[in-house]
């Protein structure tokens with residue numbers, strides 16, 4: 001009897017469990033049906049569509065979404081690649097000045113970890129912050145020019161700030177920088193060149209005008225005075241002629257309007273020719289000049305231009321050695337073949353070049369001592385011409401110098417040259 005009651009109790013418990021489970025399943029089924037109904041509605045399907053059909057439809061939708069997400073990610077990467085390969089620095093910031101993006105070039109000219117920083121932390125130039133505020137207030141493009149020090153070098157940039165309004169009224173500001181350093185350097189060089197030319201021409205013209213005026217006002221009885229004045233006028237006119245000729249020569253060399261005739265020549269013959277030209281000068285200045293070279297050094301080059309190069313270097317060496325008040329006054333001109341190159345060395349025991357002046361030695365119109373250079377008839381263009389001729393021959397020129405000891409120029413020219421090429 002007890003056994004029967006136990007069996008009945010177990011059966012009742014099982015039935016209750018089954019009933020509760022059924023209720024839960026029914027509830028879940030209702031939820032599932034409701035969810036399925038909403039899914040069908042969102043897919044635009046018939047409410048009576050079979051679940052398997054809806055399941056396949058959902059699977060295809062998920063695949064389509066995954067493909068769209070992949071394409072969006074790929075498009076984003078491509079756009080980032082394009083922005084990072086733009087040569088101009090580009091920075092994007094929020095309205096509060098927080099930087100959200102900087103391309104590779106922008107990172108190269110700013111501090112590391114630029115994203116997340118404020119503009120005023122990245123650009124110490126107050127003008128940038130002023131332009132940013134102006135772009136915010138006026139809601140229009142603002143532009144200007146700033147200076148930045150990049151790796152210790154001063155750079156000039158044209159800067160534009162472009163306000164952009166995105167979705168949900170979000171504001172972004174695109175900062176674009178364009179490097180104009182080279183343009184500014186060339187512009188400053190042009191201004192300096194014009195100023196130097198004007199100054200160099202004004203001085204002899206003033207002298208010529210002054211002495212000519214004095215002669216016109218004189219009774220011309222004093223022949224010695226007339227001769228002295230005319231000598232000065234002739235000297236200043238000759239100086240102007242040298243200056244203009246050097247200017248025209250340098251302009252032709254640098255612009256490519258000069259025809260170089262490259263042919264096989266004996267460099268020793270050029271040295272011998274320069275020796276004959278320079279000999280009277282060495283006697284006048286009491287400077288000992290020694291030429292050392294083998295009988296034959298063949299190379300491909302323009303004979304006239306290489307003669308001009310050697311003559312300029314030797315002429316300078318003789319004149320500046322003559323300025324030395326004490327000690328040996330000697331110039332050594334040596335040439336020899338070094339593998340596939342010809343080496344020319346012009347070494348003097350002259351006054352030398354101050355260290356602070358050595359960086360500017362090949363610049364146009366630069367003179368270490370302007371007063372002494374003008375006195376000796378220099379135009380300040382000789383070494384610029386020399387450097388240009390050497391470079392047109394694919395060569396190099398370098399020098400060492402010490403004040404009171406002397407200067408040594410070393411020219412290296414390739415034996416092959418650039419045969420029959422118009423420069």
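The values are calculated or read from the model by the stated rules, or taken from the named source; none is laboratory data. Since the structure is predicted, the reported quantities are computational estimates derived from the model, not experimental observations. Note: ideal-geometry Cβ built from the backbone for every residue, glycine included; neighbour counts use all protein chains shown.
Exactly one condition in (1) modelled with pLDDT under 85; (2) part of a helix (DSSP H, G or I); (3) surrounded by 18 or more Cβ atoms within 10 Å (Cβ to Cβ); (4) within 34 Å of the chain's Cα centre (by Cα) is false for residue 260; which is it?
Every condition holds for residue 260 apart from (2).
Search the range 325-357 for residues being part of a loop (DSSP other than H, G, I, E, B) and surrounded by fewer than 19 Cβ atoms within 10 Å (Cβ to Cβ), and hand back the single one that is modelled with the highest pLDDT.
The initial filter retains those residues of the range 325-357 that are part of a loop (DSSP other than H, G, I, E, B), namely 325-329, 339-340, 349-354.
From what's left, surrounded by fewer than 19 Cβ atoms within 10 Å (Cβ to Cβ): 325-328, 339-340, 354.
Details: 325: 77, 326: 80, 327: 80, 328: 85, 339: 85, 340: 89, 354: 79.
Among those that are part of a loop (DSSP other than H, G, I, E, B) and surrounded by fewer than 19 Cβ atoms within 10 Å (Cβ to Cβ), it is 340.
State whether one or more residues within the range 154-164 are exposed (fewer than 14 other Cβ atoms within 10 Å of the Cβ), outside any strand (DSSP E or B) and in contact with a strand residue (DSSP E or B) (Cβ under 9 Å, 6 or more places away or on another chain). Quick ask: steps written out before the conclusion?
Going residue by residue through the range 154-164, those that are exposed (fewer than 14 other Cβ atoms within 10 Å of the Cβ) are 154, 164.
Okay, now just the ones that are also outside any strand (DSSP E or B), so none.
No; the residues of the range 154-164 include none that is exposed (fewer than 14 other Cβ atoms within 10 Å of the Cβ), outside any strand (DSSP E or B) and in contact with a strand residue (DSSP E or B) (Cβ under 9 Å, 6 or more places away or on another chain).
So, residue 148, is that one at pLDDT 80 or above and over 40 Å from the mean Cα position of the chain (by Cα) or not? It would help to see each step written out before you state the result.
On the way: at pLDDT 80 or above: yes; over 40 Å from the mean Cα position of the chain (by Cα): no.
In short, no.
Residues of the range 289-310 being under 11 Å from residue 265 (Cα atoms) and outside any helix (DSSP H, G or I), which ones?
Residues satisfying the conditions are 296, 297, 298, 299, 300, 301, 302.
Taking the stated definitions as given, is residue 213 at pLDDT below 75, assigned to a helix (DSSP H, G or I) and more than 26 Å from residue 142 (Cβ to Cβ)? So that I can check it myself, show each step before the final result.
Numbers: at pLDDT below 75: no; assigned to a helix (DSSP H, G or I): yes; more than 26 Å from residue 142 (Cβ to Cβ): yes.
It is false that residue 213 is at pLDDT below 75, assigned to a helix (DSSP H, G or I) and more than 26 Å from residue 142 (Cβ to Cβ).
Could you list, in sequence order, all residues of the range 390-410 that are under 26 Å from the mean Cα position of the chain (by Cα) and either touching a residue at least 12 places away in the same chain (Cβ under 8 Å) or part of a loop (DSSP other than H, G, I, E, B) (or both)?
We begin by selecting, within the range 390-410, every residue under 26 Å from the mean Cα position of the chain (by Cα); these are 390-399.
Hits for the range 390-410 are 390, 392, 393, 394, 395, 396, 397, 398, 399.
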